[in-house]
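Read through the structure below, which is laid out as structure tokens, and then see the notes.
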Amino acid sequence: MIFLETAVAAPINHTLTYSYNGDRQLLLGMRLLVPLGPRLITGYLLNITKKKPEGDYQVRPLTDILDRNPIFPAGMIPFYRWIADYYHYPLGEVIKGALPSGLASHSGREILLTARGEKELAFLKDKQEEKWSATLFRNKKLPPATVGRLWRGKNKKKLLKWQQQGFIIINEVIVGPTCKPKTEICIGLDQKKEAGKLKTSEQKTLNLLTELLAKGRETVPRRDVNRLYSGAGKALKSLAAEKIIFYKKQEIYRDPFGEIPPAFSKPAVLSSEQQESLNEIIPAIEKKIFKPFLLHGVTGSGKTEVYLRGAEKALQLGRTVLVMVPEIALATQVEGHFFSRFGSQVAVLHSGLSRGERFDQWQRLLRGQASIVIGARSAIFAPLDNPGLIIVDEEHDPAYKQEDLLRYQARDLAILRASQQQCPVILGSATPSLVSYQNTRQQKYNLLTMNKRIHDRPMPTVEIVNLREQPMVNGRPPLFSSRLITALAENLDQHNQSLLFLNRRGFASLVVCRDCGHVVQCRNCQVSLTLHKKTAALTCHHCGYTVKSAIVCPNCLSNRIREIGFGTEKVEIELRKLFPGAVIARLDRDTTTNKSNFVKILKEVRNNKIDILTGTQMITKGHHFPNMTLVGIIWADGGLGMPDFRAGERTFQLLSQVSGRAGRGDKPGRVIVQTHQPDHYSITTARKHDYQDFFTRELALRAALNFPPFSRLINIKFSGGNEELVKKSALEFYQKIKNITKTCRISLLGPAPAPLARLRNKYRWQLLLKGNDIKNLHQVIISSKKYFPPAVSSGKVKLFIDVDPENML
């Protein structure tokens, strides 16, 4: 008898112990099917011991072993435990979220329709409002997924009554994983069997097989044989009957790339700054020691080549490499660089993959068939047993923070994982986060600086246009200043490319009634709807709620509706009017609904088929367009009014990053910045490409307010459908914990409605904890759990704990 410490995929804040006395070998990292109350659920094996745990309770046996091999390396178990403790999140759900989706098994219910039920419930057969009933009559049963939805809703009592009346049978079943390996049928030749007299089609098929297998392969996919010879179908059946050939089912990988990523050549010579950086990084890789580096390199300085050379050294030493990028948009560019250098050794992990593709990439990494993984924030959980280097590109980007469920910061976890697995980590950025740069001043990180662009290319010149001084157009500031229009025309005449940046989608940011002033809002969120001309729709960018744009005012029924504001769609339309002969493209979430659209647009820009590219922040980072000589920033101060202490920092980062797209080739670049606040320090320092000046000014403001990096934060969020109940829960919790915070010397800000007070039909309040010692902050959370309000305990109000919050909205 052995005892198994198991984390279950359920909201339980401690591990459970199960017993096992079978013959199969168990390994840490395997999935188990275990009982939890009356149901069965997936558990993850964390420890094996022969000693029975202390306590007077019965240890239940496990139900089944779901894996032949571990689904994650045992070395990651301390990593998962730390995350669960630090972010106050159930350990089993940490692991479940880290793994590819669709791997969990659990118990469920299926419903079978009886002969009596078919007669007595016939009136439901054509009931349109309940599609499930028609499915029940058509298939004589309902699958577990459908039953689960009905069970959680208002139909549970009805179903139990029907069971008592004998109309249906409800069976308990095991719902297996929905994501499995992909297989295909392959064909091989039986070398011991000699072929007798064959038909013409059989002989042709056999000759084709012999030719295909002559390349040293044991088998060949059946689909390839059928594709090369249309008459092979019947011939294969007869050859198999004669046992001249055999069929074999083989696992195959789904291709995540679609088309081969763009190729990039390896530079023959490094710049002096690149070499100096590598002189610090390479010894740490060779010595296999934890050493965090902040690589602060201006845009175009060649940080990617430093990553590639570091990865090359790690692979030479037989270790693996993890490369993280903030968004899928940037992953495409990085994939191209690494694929050009390392080919099939590269795997990718991000949300742009299908469930099956992600599963396959995970398996490649587990089996050691890939040595480099590239992905967005979830790639931090990649199953690498022996990483030799971890890279976090654009480390400043807020996209590294997960904003729902497990609210982790992937950049911070990269530091943790590197320390646990003893390897160096590189945080790279042209505009490092204030916290990371402060860590270099406190000797926590090692600073590497690259102040020059490759080939000593100059940084782009930046010109500020004060929109307050521009002549009004129909009572509003112009979308394009005369200076920007002239610069675009000149750039077109010189056959150069231009980029226009606006961090706002759609045609107009809101619509308002001319008669009563009512702003048309989302029915689920307390935000205005955005007008999209192409789809003739008003859309909420938070929940996706959409209505037709041809509406009357919901307040006074007037049809005098006015459009106010602008977005990238309007920029594109106005550009086409100004420059009808130019090739113009837009890159935002509306035009890149899938990865192939995004790749297509980037490819056309690289091939100089696009004259003017406009888009949101996805065009600001990492992209290298050698013929892009002009960047126009439509509204530079759009983010400065956000209710967030990081608003100035994010504005500086965005302006600096998008400015860095200009002048990366042989021609010099220039940037035109349109703003209503030309004297704001975020804009003036970005104009001078002066990070040090910005850092000094922003740090002084943070110190005065005692905000990070001088303090740490935990945001406690309350959310629910009943506004009064959410408010009451927040106020009750505040009253219960205010004395605890005083004891721990923690500041308590709030409670107050969140800036977005209603989102997806949920009312939101929040309470911010601020203190200089993170241990004290965690102690407040641990001590306060026994004071959770009754509405939270009953599930009527959800409480979320956000450690080190990035988004204060």
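The values are calculated or read from the model by the stated rules, or taken from the named source; none is laboratory data. Quantities reported herein were computed from a predicted structural model and do not represent experimental measurements. Heads up, the Cβs are rebuilt from the backbone with ideal geometry, glycines too, and the neighbour counts pull from every protein chain shown. Surface accessibility is based on the protein's heavy atoms, side chains included, excluding ligands, DNA and RNA. Shrake-Rupley method; radii C 1.70, N 1.55, O 1.52, S 1.80 Å.
Looking only at the range 466-524, filter to residues that are in a helix (DSSP H, G or I) and of a type in the set (Asp, Glu); which one of those is most open to solvent (accessible area, probe 1.4 Å)?
Taking the candidates together, the pick is 469.
Yes or no: residue 46 in contact with a helix residue (DSSP H, G or I) (Cβ under 7 Å, 6 or more places away or on another chain) and part of a strand (DSSP E or B)?
It is true that residue 46 is in contact with a helix residue (DSSP H, G or I) (Cβ under 7 Å, 6 or more places away or on another chain) and part of a strand (DSSP E or B).
Applying the selection to the range 318-344, what residues are surrounded by fewer than 22 Cβ atoms within 10 Å (Cβ to Cβ) and acidic (Asp, Glu)?
The answer is 327, and nothing else.
Determine if the range 131-139 includes at least one residue that is over 40 Å from the mean Cα position of the chain (by Cα) and modelled with pLDDT of 80 or more.
For the range 131-139, residues over 40 Å from the mean Cα position of the chain (by Cα) and modelled with pLDDT of 80 or more: present.
Mind listing whichever residues of the range 230-246 are open to solvent by 20 Å² or more (accessible area, probe 1.4 Å) and without any contact (Cβ under 8 Å) to a residue 40 or more places away in the chain?
Hits for the range 230-246 are 230, 231, 233, 234, 237, 238, 240, 241.
Which condition does residue 649 not pass, out of (1) among the charged types (D, E, K, R); (2) outside any loop (DSSP other than H, G, I, E, B); (3) free of Cβ contacts under 8 Å to residues at least 12 places away in the same chain, if it passes all the others?
(3)
Being out of contact with any strand residue (DSSP E or B) (no Cβ under 7 Å at 6 or more places or on another chain) and assigned to a loop (DSSP other than H, G, I, E, B): is that true of residue 663 here?
Answer is no for this residue.
Residue 305 - would you say it is touching a residue at least 12 places away in the same chain (Cβ under 8 Å), among the acidic types (Asp, Glu), within 19 Å of residue 625 (Cα to Cα) and surrounded by fewer than 21 Cβ atoms within 10 Å (Cβ to Cβ)?
yes
Which one of 691, 681 is touching a Ser or Thr at 6+ places or on another chain (Cβ under 7 Å) and either over 17 Å from residue 463 (Cα atoms) or surrounded by fewer than 20 Cβ atoms within 10 Å (Cβ to Cβ) (or both)?
Going through 691, 681 in turn, the sole match is 691.
Kindly indicate which of 518, 532, 495 is under 27 Å from the mean Cα position of the chain (by Cα) and modelled with pLDDT of 90 or more.
On the way: 518 fails: under 27 Å from the mean Cα position of the chain (by Cα); 495 fails: under 27 Å from the mean Cα position of the chain (by Cα).
On inspection, the qualifying residue turns out to be 532.
Could you list, in sequence order, the residues of the range 643-658 that are small (Gly, Ala, Ser) and either farther than 26 Å from residue 629 by Cβ or surrounded by fewer than 23 Cβ atoms within 10 Å (Cβ to Cβ) (or both)?
647, 648
If you check residue 335 against the conditions, is it over 17 Å from residue 304 (Cα atoms), among the acidic types (Asp, Glu) and at pLDDT below 95?
no
Mind listing just one residue for me: the one in the range 201-229 that is in contact (Cβ under 8 Å) with a residue 12 or more places away in the chain and among the polar types (S, T, N, Q) and, of those, most open to solvent (accessible area, probe 1.4 Å)?
Of everything passing the filter in the range 201-229, 210 is most open to solvent (accessible area, probe 1.4 Å).
Exactly one of (1) outside any loop (DSSP other than H, G, I, E, B); (2) within 22 Å of residue 174 (Cα to Cα) is unmet by residue 69. Its number?
Every listed condition holds for residue 69 apart from (1).
Considering (1) at pLDDT below 95; (2) open to solvent by 20 Å² or more (accessible area, probe 1.4 Å); (3) touching a Ser or Thr at 6+ places or on another chain (Cβ under 9 Å), say which one residue 315 fails and leave the rest.
Of (1) at pLDDT below 95; (2) open to solvent by 20 Å² or more (accessible area, probe 1.4 Å); (3) touching a Ser or Thr at 6+ places or on another chain (Cβ under 9 Å), only one is false for residue 315: (1).
Okay, residues lined up against (1) open to solvent by 20 Å² or more (accessible area, probe 1.4 Å); (2) out of contact with any strand residue (DSSP E or B) (no Cβ under 9 Å at 6 or more places or on another chain):
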residue: 34; (1), (2): no, no
residue: 45; (1), (2): no, no
residue: 52; (1), (2): yes, no
residue: 86; (1), (2): yes, no
residue: 95; (1), (2): no, no
residue: 99; (1), (2): no, no
residue: 110; (1), (2): yes, no
residue: 118; (1), (2): yes, yes
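Which of the residues spanning the range 533-559 are under 17 Å from residue 588 (Cβ atoms) and either open to solvent by 20 Å² or more (accessible area, probe 1.4 Å) or in a loop (DSSP other than H, G, I, E, B) (or both)?
Residues satisfying the conditions are 533, 534, 535, 539, 540, 541, 542, 544, 546.
Condition first: within 18 Å of residue 525 (Cβ to Cβ) and under 35 Å from the mean Cα position of the chain (by Cα). Now tell me which residues in the range 552-567 satisfy that.
565, 567
I'd like to verify a number: residues in the range 274-302 that are open to solvent by less than 30 Å² (accessible area, probe 1.4 Å) and of a type in the set (Asp, Glu), how many?
0
Residue 763 versus (1) open to solvent by 30 Å² or more (accessible area, probe 1.4 Å); (2) at pLDDT below 95: which is the lone unmet condition?
Only one criterion is unmet by residue 763, namely (2).
Would you call residue 577 open to solvent by 20 Å² or more (accessible area, probe 1.4 Å) and either touching a helix residue (DSSP H, G or I) at 6+ places or on another chain (Cβ under 9 Å) or within 24 Å of residue 430 (Cα to Cα) (or both)?
Spelling it out, it is not the case that residue 577 is open to solvent by 20 Å² or more (accessible area, probe 1.4 Å) and either touching a helix residue (DSSP H, G or I) at 6+ places or on another chain (Cβ under 9 Å) or within 24 Å of residue 430 (Cα to Cα) (or both).
Hey, among 81, 68, which residue is open to solvent by 40 Å² or more (accessible area, probe 1.4 Å) and modelled with pLDDT under 95?
The unique qualifying residue is 68.
Which number in (1) open to solvent by 30 Å² or more (accessible area, probe 1.4 Å); (2) part of a strand (DSSP E or B); (3) of a type outside the set (D, E, K, R) marks the one condition that residue 769 misses?
Every listed condition holds for residue 769 apart from (1).
Only one of (1) over 16 Å from residue 88 (Cα atoms); (2) touching a residue at least 12 places away in the same chain (Cβ under 8 Å); (3) in a helix (DSSP H, G or I); (4) open to solvent by 60 Å² or more (accessible area, probe 1.4 Å) is not met by residue 779, so which one is it?
Condition not satisfied by residue 779: (1).
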